[in-house]
Amino acid sequence: MITAIQEVTGRIAPPDEKATLRAVLRLNSLTKPPGSLGRLEALAVRLAGISKVEQPCYSKRTVVVMAADHGVCCEGVSAFPQEVTMQMAYNFLSGGAAVNVLARQGGAEVQFVDIGINGDITHPQLIDRKVRRGTDNMAAGPAMSRDDALRAILAGVQVAQEAVKNGTEIFITGEMGIGNTTASAAVLCALEGIPPETAAGRGTGIDDERLRHKISVIERALQVNTPNPADPIDVLSKVGGLEIAGLAGLILGAAALRIPVILDGFISGAAALVAKALAPESTAYMIASHVSGEQGHKLMLDRLGLEALLDLGLRLGEGTGGALCLHFIEAVCRIMREMATFESAGVSGSESV
Ligand SMILES: O=C(O)c1ccc[n+]([C@@H]2O[C@H](COP(=O)([O-])O)[C@@H](O)[C@H]2O)c1
Ligand SMILES: Cc1cc2nc[nH]c2cc1C
């Protein structure tokens, strides 16, 4: 299985230099002072390099929501009971979750993937890639086996490949899993050497006392498992989660096909850190949509070398921030396609030399 993943990571190429340069030249030829569209210009340049075209267009957009359960919930680390993962699954599948609304508004399809929910779901729209029914309690031992982590990564790669075969041109990462901010914080600690009190946040809304307890649970998980920071699969299997693994696979699979991936919040960030550890060049395909209200997310983005487009205090997950970011992607693509140049509009250019 590891060779199948290495085969995918080996196909991730750097952004295209020619398209990158052409995009810079085009931006400077458009009727505006150079650089005046701020970070949207940097986004336009990055998208050109990713998609190998100066004027990209992303018509088919897919939010992939990976859902899984977490054994560590039995330690009382979330404000909500574990059953909510399963209950919310039906809400996603019937189109009533926040991300369904924002995806509809942004012209995207939502694909809901069961990669490790602790229960059986039947629904015609469900993508069933269940690796196992939730993880084990990472505070008492490894969350899952190495084999399970590899299977979940490969499932994510396959979801990406299948969607691209069906026309997807841009992905948004999304997830659902009660307890997954604990696993994501533990992954951040283990991979990046960050102390739990800096990495952990309030997730679904825990109070001060529960946050202190959550930090102590993460400390215990790291002590019990001693994950090897040089081995991302070891980290993922010992203190990670199935949706984190699946999204890491999705990112790698997309990057290998030169498809941009808009990252959502904290859990998507943990998946991105795993993808980066497996294939550093994959970060070139990641677009950070927003800074989550979850403590640790800004630090995570710094470690990924990414700057977020939005800071709205969102802390919902699901892919909500990523779906909102589609409006900016569309804006940038239209600027590149529809704006007049100084030459075509007969406008005098800058006098500075
Ligand atoms: O993505 C984020 O930044 C984010 C921040 C806080 C909470 N969440 C969502 O809340 C759930 C996890 O929170 P918790 O407290 O159960 O660990 C999970 O379903 C996530 O989608 C997501
Ligand atoms: C209701 C609810 C919806 C969510 N969506 C993502 N995480 C969530 C957590 C809860 C509790």
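Read-outs: derived from the displayed coordinates by stated rules, not from any lab. Every value quoted in this text rests on a predicted model; they were computed, and no experiment measured them. Ideal geometry is used to build each Cβ from the backbone, glycine not excepted, and the neighbour counts take in all protein chains shown.
Values computed for the structure shown
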| quantity | calculated |
| --- | --- |
| Reachable lysines, given that their alpha-carbon falls under 26 Å from the alpha-carbon of residue 60 and they are not under 8 places away in the same chain | 18, 52, 130, 165, 276 |
| Whole-number percent relative contact order across the chain, with pairs defined as alpha carbons under 8 Å at least 6 apart | 24 percent |
| At q = 0.13, 0.15, 0.21 Å⁻¹, base-10 log of I(q)/I(0) for the stretch 1-154 (Debye sum, equal scatterers on each alpha carbon) | -0.86, -0.98, -1.22 |
| Neighbour-count ranking [beta-carbon atoms within 10 angstrom, fewest first] of 339, 1 | 1, 339 |
| Estimated dipole of the chain in Debye, rounded to 20 [Cβ of Lys and Arg +1, of Asp and Glu -1, Cα centre] | 600 debye |
| DSSP bridge orientation in the chain - percent antiparallel, rounded to nearest 5 | 5 percent |
| 58, 90 arranged by Cβ crowding within 10 Å, fewest neighbours leading | 90, 58 |
| Note, ³J(HN,Hα) from phi for the stretch 250-259, Karplus 6.51, -1.76, 1.60, rounded to Hz, x at Gly and Pro | 4, 4, 5, x, 5, 4, 5, 9, 6, 9 |
| Convex hull of the stretch 201-248 built on C-alpha atoms - directionally averaged projected area, nm² | 3.9 nm² |
| Reciprocal mean inverse distance between Cα atoms of the stretch 61-328 - Kirkwood radius, Å | 17.5 Å |
| Nearby lysines by direct alpha-carbon distance to residue 214 (threshold 18 angstrom, same-chain neighbours under 8 apart not counted) | 238 |
| The stretch 182-321 - convex hull of alpha carbons, volume per residue in Å³ | 90 Å³ |
| Separation between Cα centres of the stretch 124-140 and the stretch 254-328, rounded to whole Å | 22 Å |
| HN-Hα J in Hz across the stretch 188-201 - Karplus 6.51, -1.76, 1.60, θ = phi - 60°, x for Gly and Pro | 4, 4, 5, 7, 10, x, 9, x, x, 5, 8, 7, 8, x |
